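For reference, the structure is listed below as structure tokens.
The values are calculated or read from the model by the stated rules, or taken from the named source; none is laboratory data. This one's a predicted model, so the numbers in the text were calculated from it and none came from an experiment. All Cβ positions, glycine included, derive from the backbone under ideal geometry; neighbour counts span all protein chains shown.
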Amino acid sequence: MLSPIPISALQHYIFCPRQCALIHIEGLWAENRLTVEGRTLHRKAHAEKVGPRGGGRAESRPSKAVPRDRRIRTVRGLLLCSEVLGLVGQADVVEFHVPSDGELAPDQQSTPPPARAGRSSSPPCSAVPTVPLPIEYKRGKPKRHDADLVQLCAQALCLEDMLHLAEGSIKAGAIYYGATKHRMDVDLSPNLRARTRAIVAACRAMMESGVTPRAKRERKCSRCSLLDVCLPDATAPSVSASHYLNRAIDSR
Ligand code: SF4
């Protein structure tokens, strides 16, 4: 059996493999404003009770593409795992959509055509399919990289594994961005699924190697909560000790 990787590690890996290794191999963590705001938003998302139609929160309301007569049950903080991929995590919100009668085949509708003599007029509950739709909450706005999309797709892959759904059954998810207060629908396409599996494999290989990649100073480092632990100005392969010390003295 594969040793489980946290779904959050995939996002760290896409942002910076070294950050992922510092957190998940070396067990380091540091907070900055962005991580605190993100954690607060996740806590809020998990706090509401299970209920229909997102408990009335505006950001949880389904997009206009969802028919209004669809029944929706909302589950918050659902624990996730996939034995096949070796992933564990927690979904902020999963909506379980029961398709409206208009979307169902005649033999699945709750008000089917009049029954013929000797036949039941309503299908068993298990005949009505429910479609899970994972929703991830993010504090910021859509990013240039695809870390949020990969994280959401990994959640969908876990749900398919846990619920014994065929690969590709969950066609869409959504990401709610706090900065824009917008819920973005995400197509869980074959390309995104392949990209997610590739990131899982690369992240696993790095974690099993136990080797933390060397630092490389980039613009994103200024947003990284581990900047003071990583010290990219001191530890990058191209930086000599004397060069680092000179820069440190000059900056005073
Ligand atoms: S400071 Fe830069 S190199 Fe270091 S972990 Fe963060 S993003 Fe990666």
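Miscellaneous remarks
- The requirement of being under 18 Å from Lys44 (Cα atoms) and within 16 Å of the chain's Cα centre (by Cα) is satisfied by Ile175.
- Residues of the range 193-215 that turn out to be within 14 Å of the ligand (Cβ to nearest atom) and either among the hydroxyl-bearing types (Ser, Thr, Tyr) or modelled with pLDDT under 90 (or both), as a count: 1
- A search for C-beta distances below 7 Å between a residue of the range 4-22 that is in the same structural domain as Ala198 (by TED's automatic domain parsing) and any residue that is among the hydrophobic types (A, V, I, L, M, F, W, C) and within 9 Å of the ligand (Cβ to nearest atom), counting only pairs 6+ apart in sequence or on different chains, returns nothing.
- Within the range 3-23, being at pLDDT 90 or above and either away from the ligand (no atom under 12 Å from the Cβ) or of a type in the set (D, E, K, R) (or both) holds for Pro4, Ile5, Pro6, Ile7, Ser8, Ala9, Leu10, Gln11, Arg18.
- Qualifying residue in the range 177-187 (condition: part of a loop (DSSP other than H, G, I, E, B), at pLDDT 95 or above and either among the acidic types (Asp, Glu) or more than 9 Å from the ligand (Cβ to nearest atom) (or both)): no
- Evaluated against (1) modelled with pLDDT under 55; (2) part of a helix (DSSP H, G or I), Leu34 falls short on exactly one condition, (1).
- Any hit, the range 206-224, residues being in contact with a strand residue (DSSP E or B) (Cβ under 8 Å, 6 or more places away or on another chain) and buried (at least 17 other Cβ atoms within 10 Å of the Cβ): yes
- Residues in the range 187-208 that are within 15 Å of the chain's Cα centre (by Cα) and in contact (Cβ under 8 Å) with a residue 24 or more places away in the chain: Leu188, Leu192, Arg193, Arg195, Thr196, Arg197, Ile199, Val200.
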